[in-house]
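**Student:** What follows is a single structure, and I will ask about it in a moment.
No lab work stands behind these numbers, since they all come straight from the coordinates. All of these numbers come straight from a predicted model, not from anything done at the bench. Methodologically, a virtual Cβ is constructed for each residue, glycine included, from the backbone with ideal geometry; neighbour enumeration extends over all protein chains shown.
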Amino acid sequence: MISLTTLSADNGNIERCAKALAAGELVAFPTETVYGLGADATNDNAVASIFAAKNRPDFNPLIVHVTDREAAARFVEFNSMADRLAKAFWPGALSLVLPRRADCGLSLLVSAGLDSVAIRVPAHPMAHDLLERADCPIAAPSANRSGEVSPTTAAHVAQSFARLDADPALTILDGGPCRVGLESTVIDVSNETATLLRPGGIPPEAIEHITGPLIRAGSNDQAPKSPGMLSRHYAPRTPLRLNADSAQKGEVLLGFGVAPVSTDFNLSPSGDLAEAAANLFAMLRKLDEQNHAGIAVMPVPDEGLGLAINDRLQRAAT
Ligand code: TXA
Ligand code: MG
């Protein structure tokens, strides 16, 4: 069985986690989006143990986390579009896919066979502190087993990995609930155009202020695709029914805005998309534990953060 320890996030414990990373162990840590399952991105064995722990298909590449734009430039080739995006949104919930530098020293597994790397600077003070102390780039997918919804608390991470049969030690750094609650927006800017690979914590409209109209992944043959966008992903066991106006027999209602009946599970009673994003995964997990026949989800507007919320809901309903 995996040896699993949860630590409160004080300086001593962050230092302990930095040492664990340097020793090739796994550390789950808080970011502003979701918890990441981190390993030293330059250590092949450590990166391999991420795939093993998640049971993740090995064609799915990982996001590399760094302290700032200068650190990022040691691993990937920037261009002017990437520079403008980094300036506008880092630290923050934006991952940029850029060409891998030949001398980057990152494990090849991070790119899963591609000649690019997805890289981001997280906006969480504990993630930043951990990166500084560990003094290495940290490869980190969301800290859930493949196919589960992403964790937004340390307890979610512990639940996912508690019954795991694997060698690596896993230390969880508890930084409380994640502020954004949705994974980062992933944009491919490797050839000076901007392609949206995954909607996420930064709304596409905000990005388009910098890039002009985004190319949507899969919209034509030239548009690169993100290997991780399997149509069923982020999935609870309980069936989801979307755009519902009320619950049918056996179902529980997941509200948004003013609900027809009072419900403990409302993504945002005031209809605020940022609040809904922060609540989404935790509420799906809670409702999934309650063994209802189904989860009826009220409609969420398809704009701003609503785009990423609806993307995750559609995947969960597939
Ligand atoms: O907010 C986040 O992005 C979180 C936190 C921990 O940073 N991480 C996360 O990682 O959601 P993950 O592995 O669950 O999702 C990474 C996504 C996948 O869809 C993957 O296919 C895509 O990014 N990706 C990674 N590297 C890529 C690359 N080189 N080219 C295209 N897509 C890439
Ligand atoms: Mg994930």
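**Student:** Among Ala118, Ala20, Ala154, whose mean-square fluctuation peaks in a Gaussian network model of the chain (Cα, cutoff 10 Å)?
**Tutor:** For the chain, modelled as a Gaussian network with Cα springs under 10 Å, the answer is Ala20.
**Student:** DSSP beta bridges in the chain, what fraction antiparallel, as a percent rounded to 5?
**Tutor:** So the antiparallel bridges amount to about 40 percent of the total.
**Student:** What list of ³J(HN,Hα) couplings, whole Hz, do you get for the range 123-138 from phi and the Karplus terms 6.51, -1.76, 1.60, once you set θ to phi - 60° and write x for glycine and proline?
**Tutor:** Residue by residue, the range 123-138 yields 9, 9, x, 6, 5, 5, 4, 4, 4, 4, 6, 6, 6, 8, x, 10 Hz.
**Student:** Under a no-solvent Debye model with one identical scatterer per Cα of the range 122-175, what's log10 I(q)/I(0) at q = 0.22, 0.31 Å⁻¹?
**Tutor:** One equal scatterer on each Cα of the range 122-175 leads to -1.00, -1.34.
**Student:** Count of lysine pairs in the chain with Cα atoms under 27 Å apart, counting only pairs 8 or more residues apart in sequence or on different chains?
**Tutor:** Counting lysine pairs in the chain gives 5.
**Student:** Another question, then. Amide H to amide H under 5 Å from Thr6: which residues, 5+ apart in sequence or cross-chain, H placed 1.01 Å off N in plane?
**Tutor:** Ile172
**Student:** First select every other residue whose beta carbon is under 9 angstrom from the beta carbon of Arg145; then total the charges, Lys and Arg +1, Asp and Glu -1.
**Tutor:** That sum, taken over residues with Cβ under 9 Å, equals +1.
**Student:** Ranked highest first by the average count of other Cβ atoms within 10 Å around their residues, in what order do 82-89, 126-133 fall?
**Tutor:** Highest to lowest by the protection proxy: 126-133, 82-89.
**Student:** If you count, for each residue, the other Cβ atoms within 10 Å and average over each peptide, how do 304-315, 7-18 line up from highest to lowest?
**Tutor:** 304-315, 7-18
**Student:** Here is a further query. What percent do you get for the relative contact order of the chain when only Cα pairs under 8 Å and 6+ apart count?
**Tutor:** Relative contact order, the chain: 21 percent.
**Student:** Rank Pro299, Pro236, Pro99 by mean-square fluctuation in a GNM of the chain with C-alpha springs under 10 angstrom and give only the top-ranked residue.
**Tutor:** Most flexible of the set in this elastic network: Pro299.
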